[in-house]
Amino acid sequence: MTTALVTGASRGIGRALAQTLASYGHDVVLVARDADALSRVGRELGNRYGVKVSALPADLAARDDLTVVAEAAATADILVNNAGAALGAPFSRTAWDGDRNNENSMLALNVTAPTRLIHAALPRMRERGFGRILNIGSVAGTGPVWAASTYGPSKAYLLGLTQSLALSSEIRASNVRLTCLVLGHAVSEFHEKAGLPPSPRMLTLPTRFVADTAVRAIHRRRPPIVYIPGVRYKVLNFLLAHVPGGLTRIPGLVTDLSIVEK
Ligand SMILES: NC(=O)c1ccc[n+]([C@@H]2O[C@H](COP(=O)([O-])OP(=O)(O)OC[C@H]3O[C@@H](n4cnc5c(N)ncnc54)[C@H](OP(=O)(O)O)[C@@H]3O)[C@@H](O)[C@H]2O)c1
């Protein structure tokens, strides 16, 4: 029996990913801060798919909690680094520290936490001769479509980390595979929680579609290192890589937080 650890599994894309992984017969460890929501998701998945589900409430931006989750990640066969957040204010006006919604916590969540969990998970995966790591990145990490924000750069790091590790000879020689899901707008509470305007409807992907295609991708015999769900985003990503400056002048494509906030 294989175990998948999914961060940010209390709602949104993480919850859908946990559900799809359970439907494939994996036991699941659910991580997020909201313990009640995790218990609800856990009960639902256990009843529906008959797999073992455990809830691990934790704040991944807090060092001690991250240590506990890293211990759990060390025994996982599949690690899904999904938890992530953005700040709905321009860089010039965000707080550095504080209780919530500050640069330090966001970078701890989007950058330090996935790095630490991958670092914890890889040794045992390599020893066992099997492992899959799915990192949830963003189109904002592949081009300048978010101005005045560290969110895009944090996702660029996750994409770079995935590629750097996946292309190393020690990983290529093992049966451990890393994939970065480069995601466009998807239905969730992401924008609302960050205080950002809602996603444009035309460009918003259904959560179930994102979860199903991503989980299918990591179950391929040769999982892709970069996976972009949705044809429109495949095209957009190609264009961003080749004509980033010109593209970002298209009205509605760039979210410029220094304008949004005024
Ligand atoms: N939705 C989009 O349009 C979109 C586009 C591109 C990329 N993404 C990426 O997709 C991923 C999933 O986001 P989503 O759209 O599903 O957003 P969401 O609905 O806001 O869900 C975020 C999840 O992360 C958890 N989380 C947030 N802060 C946490 C912390 N400090 N410690 C532990 N867990 C934490 C939340 O649970 P608790 O609040 O219970 O902790 C929740 O389960 C993120 O990495 C996001 O950057 C989303």
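Observations, loosely collected:
- Selection count where residues are in contact (Cβ under 8 Å) with a residue 40 or more places away in the chain and either on the phi > 0 side of the Ramachandran plot or near the ligand (Cβ under 8 Å from one of its atoms) (or both), scope region 195-208: 2
- Answer residue from region 125-141, given it is more than 11 Å from the ligand (Cβ to nearest atom) and not in a strand (DSSP E or B) and is surrounded by the most Cβ atoms within 10 Å (Cβ to Cβ) among those: 125
- For the condition of a type outside the set (A, V, I, L, M, F, W, C) and over 20 Å from residue 229 (Cβ atoms), residue 193 qualifies.
Residue-by-condition table, conditions (1) surrounded by fewer than 24 Cβ atoms within 10 Å (Cβ to Cβ); (2) at pLDDT below 95; (3) within 15 Å of the ligand (Cβ to nearest atom):
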| site | (1), (2), (3) |
| --- | --- |
| 2 | yes, no, no |
| 6 | no, no, yes |
| 15 | no, no, yes |
| 20 | yes, no, yes |
| 37 | yes, no, yes |
| 40 | yes, no, yes |
| 47 | yes, no, no |
| 50 | yes, no, no |
| 56 | yes, no, yes |
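- Residues in region 220-262 that are loosely packed, with under 14 Cβ neighbours inside 10 Å, part of a loop (DSSP other than H, G, I, E, B) and modelled with pLDDT of 90 or more: 220, 221, 222.
- Some residue of region 162-172 being buried (at least 18 other Cβ atoms within 10 Å of the Cβ), part of a loop (DSSP other than H, G, I, E, B) and more than 9 Å from the ligand (Cβ to nearest atom): no
- Residues that are at pLDDT 95 or above, crowded, with 19+ Cβ neighbours inside 10 Å, within 13 Å of the ligand (Cβ to nearest atom) and in a helix (DSSP H, G or I) do occur in region 142-153.
- Set 166, 156, 186: member being closer than 21 Å to residue 232 by Cα and either of a type in the set (D, E, K, R) or free of Cβ contacts under 8 Å to residues at least 60 places away in the same chain (or both): 156
The values are calculated or read from the model by the stated rules, or taken from the named source; none is laboratory data. These numbers come from a predicted model, not from an experiment. Neighbour counts run over all protein chains shown; Cβ positions are idealised from the backbone, glycine included.
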